[in-house]
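The values are calculated or read from the model by the stated rules, or taken from the named source; none is laboratory data. All figures in this text were calculated on a predicted structure; none of them were measured in a lab. Methodologically, a virtual Cβ is constructed for each residue, glycine included, from the backbone with ideal geometry; neighbour enumeration extends over all protein chains shown. Just so you know, the surface numbers come from the protein's heavy atoms only, side chains and all, with ligands and any DNA or RNA stripped out. Shrake-Rupley method; radii C 1.70, N 1.55, O 1.52, S 1.80 Å.
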Amino acid sequence: MTRGEVRVIRRQWWAWVVVALVVAAAAAPLVHTWLTNPDDQRLVDLDVYRTGGQMLLDGRPVYDFFTPAPQLLPFTYPPVAAMLAVALAEMSWGTAQWVWTAGIFVALAVTVWFAFRQALRAYVPWVFALLMVACTYLMPIRDQVRFGQVDILLVALCLVDCVARRPWLPRGFLVGLATAVKLTPGVFLIYFLVTKQWRPFFMAAFVAAVLTLLPFVVIPQDASAFWFSALLDPERLGANTATTNQSIRGMLLRLYMPDSLTFVIWAVIVAAVAWYGFRAARAAYQAKDELTAVALTSLMAVLLSPVAWIHHLAWVVVVLGAIVGDGRDPVRLRVAAGVWLFYVVPVPWWGVSLIAAKVPGVSLVLGKIVQDGFGLGALVLVWLLASWLPKRRQLA
C-alpha cells in the first residue's frame, strides 16, 4: 500500500466505518447460523486445530487423537501448524470461535483489497463493501465460516506475498509460512521457479524448510508421525470419493474405475494441467499481469492436490479479481458475475440430487457431471484465464 493510498483511506475514515458496519450486517446471518448451531457441528475444523494445540500442551501425541463423536476428525496438518494452534488452545472454546471468525473476515478483506485493487483505483469504500458482501456469500467462503477453516488466511498470505508493491517482509516469506502450515500453497514455489523469481523462491523454500525442521527439534515424535505415517494416508482427510472433494483425483475416484487405471489417468491429466497452467502463469507474469498469474497458480493448488474440498476453492476470490481487472470492460464484468453466481449456488449437491433421482439414461451421467461442477468449473477457469482473458484484453 502506497502513502497516497493511506492518505485517501484516512480522509475517508468515516466511510470505512460505515463499510465495516454494512459488511458486518450482511455477514451476520451467516455468522449467526454457524455459531449457534449444535455444538458438535460448530466450526469442526477449528476444533481440530484447537485440539491439536491442546495435545501439545498436554504432552499427548498429536496424530493419535480424534475430535469427539460424531465428527471423529484427526489432525491432518504439518506439526508446525499444531505448534501455532497452541495459541487457540489457550483460549476458551467460545472465545476461539469469535476470534477465528473475525480473523476469517479480516483475511477476506485483505484478499478482496489486493484481488480487486485495479477496480478499486479510486479506493471507493462502497465498491469495496459490495465486493466484500458478494465474496462473503461464495460457497467456498461460506464454508470457511461454517467449518472454521484456515484456507482464506493462506490465500491472503500468498496473494499479498506475490502482488504487494512494497512488501513489509521479504517476498517469499509468507508463501513459505503458508506452505509449512498446509503444504498445498507449495505450488507457489513452482510459480516462483517458472517465473524465475529466484530470491522469492529461495526465501519461501528456506522459511518452509526451517518451519518443517523445527518440529523435529521441539516435538520430534509428532514430526516423525506426520511425515512418515499420517501424510501417507489420504483417508485421514476424509472420504476421498465424497462430493466435497473437487480435485481432479476426486472427480476420477467417483467414476469407481480400478485403482491402477484411476492412478494412470490421474497422473496424465495432472501432468497436462500442470504444464498448461504453469506455462500460462509464466506468460501472464511476463505480460506484467501478476494477479492473473497468481490466480492460475491458485487453481493449480486445487486441481493438482489429491484432495481439495470445496472450501479450498476460496482461491476463487483471486480468480474473480483477475477477471474483473480494472472494471472497465463490461464483457469481463458479465463473465465475472457468471463465475460468481456459479460458485454461490450449491452446484455439486444438485448433482447428488440428480443421481438420487435415478431417471433412466439421464440422471446418472448428467448427475456425475454436475456433481463435479466446481472442479470442472476450475478447469474452465484455467482456460478462461490462460486463453480467453489475454484475447479479451487485446480486443478491449
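Some values worked out for this structure:
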{"read-out": "Per-region count, region 270-308, residues open to solvent by 50 Å² or more (accessible area, probe 1.4 Å), closer than 14 Å to W383 by Cβ and in contact with a helix residue (DSSP H, G or I) (Cβ under 9 Å, 6 or more places away or on another chain)", "value": "3"}
{"read-out": "Residue within region 324-346 that is touching a residue at least 40 places away in the same chain (Cβ under 8 Å), acidic (D, E) and buried (at least 19 other Cβ atoms within 10 Å of the Cβ) present", "value": "no"}
{"read-out": "Residue match in region 300-315 (condition: touching a residue at least 40 places away in the same chain (Cβ under 8 Å) and over 15 Å from the mean Cα position of the chain (by Cα))", "value": "no"}
{"read-out": "Test: F188 is in contact with an Asp or Glu (Cβ under 8 Å, 6 or more places away or on another chain), hydrophobic (A, V, I, L, M, F, W, C) and either surrounded by 13 or more Cβ atoms within 10 Å (Cβ to Cβ) or over 30 Å from W350 (Cβ atoms) (or both)", "value": "yes"}
{"read-out": "Near pairs, Cβ below 7 angstrom, 6+ apart or cross-chain, from region 53-74 (at positive phi and modelled with pLDDT under 95) to any residue that is of a type in the set (D, E, K, R) and not in a loop (DSSP other than H, G, I, E, B)", "value": "none"}
{"read-out": "Hits in region 163-183 - residues which are in contact (Cβ under 8 Å) with a residue 60 or more places away in the chain, assigned to a helix (DSSP H, G or I) and either of a type in the set (G, A, S) or open to solvent by 50 Å² or more (accessible area, probe 1.4 Å) (or both)", "value": "A180"}
{"read-out": "Contacts under 8 angstrom Cβ, first residue in region 124-150 being within 22 Å of W309 (Cα to Cα) and part of a loop (DSSP other than H, G, I, E, B), partner polar (S, T, N, Q) and open to solvent by less than 30 Å² (accessible area, probe 1.4 Å), 6 or more apart", "value": "G148/Q97; G148/T101"}
